[in-house]
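The values are calculated or read from the model by the stated rules, or taken from the named source; none is laboratory data. Quantities reported herein were computed from a predicted structural model and do not represent experimental measurements. Heads up, the Cβs are rebuilt from the backbone with ideal geometry, glycines too, and the neighbour counts pull from every protein chain shown. Accessible surface areas use protein heavy atoms only, side chains included; no ligands, DNA or RNA. Shrake-Rupley method; radii C 1.70, N 1.55, O 1.52, S 1.80 Å.
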Amino acid sequence: MAKNSKLLYYLRAYSFFLCPKFILRHIMRRRLKEVAASPEREYIMGRVNYYNKLGDGAILPDNAPTLGDHTLKNKKCGSVYFFDTYEFTRCFPDYLRWMLKGGDVTTIPDDPTVVKSRPIAGDNANSVVMKLDKVRHFCYVKDTIPFEKKQNRILFRGDANGKPGRIRFFEKWFGHPLCDLIDTAGHSVNPAQWKGKGMTIEEHLKYRYIMALEGVDVASNLKWVMSSNCIAVMPRPTYETWFMEGTLIPNYHYIEIKPDYSDLMERIEYYNSHIDEAKAIIKHANEYVRQFRNKHREDLISFMVLAKYFEKTGQNIHSQE
């Protein structure tokens, strides 16, 4: 059981440069027409409008760069952010203008901006979400261990350095006999007894309950946990990505606990006594994850998110072709 291969990711990413742009323009037009005729159009447009909430008349700043400026040499973000966007921007005309902000974005930009993550609360229309840093975040598993056969413990492995929510969780529950918690940060000011080595995903799958705690933005393990026979345990999320964390239903897709973590044991005891309800959460979580595993449809949605971005900022994707 392994995470996505970065080597394969970069091999595929560099292959993008081999395709002539006139062919890519044709692909773009074909895919936009495909959405219009698709029997899944309502579903596709529902997701497009979730990620991109821009209304008519959205305004870009005068210094917004063009897609022609979006090159590997001139990239403003890390390589994965460049390649994840370039996979789709390369199919649109170079004269189109946009804004991109990489990294863990926890505030709402002043201008319409493509981001990986955004706050769930408030008017977040300027945060236009795309599937970014997907090689790290969009990892799924094939779990062959039934829920009942897993260890009846609560597991967390992750970096708690400088992350207040995770630190509070350790302060509350570290050392409890039902909890197996380790801070994997290499260098931190946290107590030495918290620190230790990480685990493989395969080792995680031996546990029933896995904490999915937000770090800087979202909990990066949530996607693969929800694809397994384990259950994600967490407070209601405050940030979201392409995974649409804001649409998750508490105690239907995951076990919800209070933001101060005080009811953790109470909630776990409940589901240990109601195994059928626990297994129903796993079923619903697996179903939720399944919608993100159709790559062709995911690509169509990504094209439409960008097409809507250009449309709502007053740009014509065909005007100079």
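Overview of values
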quantity	calculated
Highest-first arrangement of 127-133, 96-102, where packing means the average Cβ count within 10 Å	127-133, 96-102
q = 0.24, 0.25 Å⁻¹, the range 112-206: log10 I(q)/I(0) [Debye, one scatterer per Cα]	-1.15, -1.19
Pairs of Cα atoms farther than 23 Å apart, the range 52-194, %	55
Linear extension gain, GLN193 paired with THR107, 0.36 nm per residue minus alpha-carbon span	27.6 nm
Ranked by how many other beta carbons lie within 10 Å on average, peptides 197-209, 140-152 from highest	197-209, 140-152
Size-normalised alpha-carbon gyration radius of the range 275-321, reference 2.2 N^0.38 Å	1.92
Å² per residue, accessible surface of the chain at 1.4 Å	47
Share of carbon and sulfur in the accessible heavy-atom surface of the chain [1.4 Å probe, %]	52
Cα-based helix-to-principal-axis angle, 21-37 vs the chain, degrees rounded to 10	70
The range 37-184 - share of DSSP beta bridges that are antiparallel (%, nearest 5)	10
Long-range Cα-Cα pairs in the chain (distance over 26 Å), rounded percent	51
Gyration tensor (Cα) of the range 207-321, equivalent ellipsoid semi-axes in angstrom	36, 16, 10
0 to 90° range, to nearest 10: angle between helix 6-15 axis and the chain longest Cα axis	10
Potential lengthening between SER273 and ARG293 on full extension [0.36 nm per residue; Cα-Cα distance subtracted]	3.9 nm
ARG236/SER79 FRET efficiency (R0 45 Å; Cβ-Cβ; nearest 0.05)	0.85
The chain - mean residue ellipticity at 222 nm from DSSP helices (-39,500 (n - 2.57) per run, n ≥ 4, rounded to 500)	-11000 deg cm²/dmol
More than 14 angstrom apart: percent of Cα pairs within the range 194-237	50
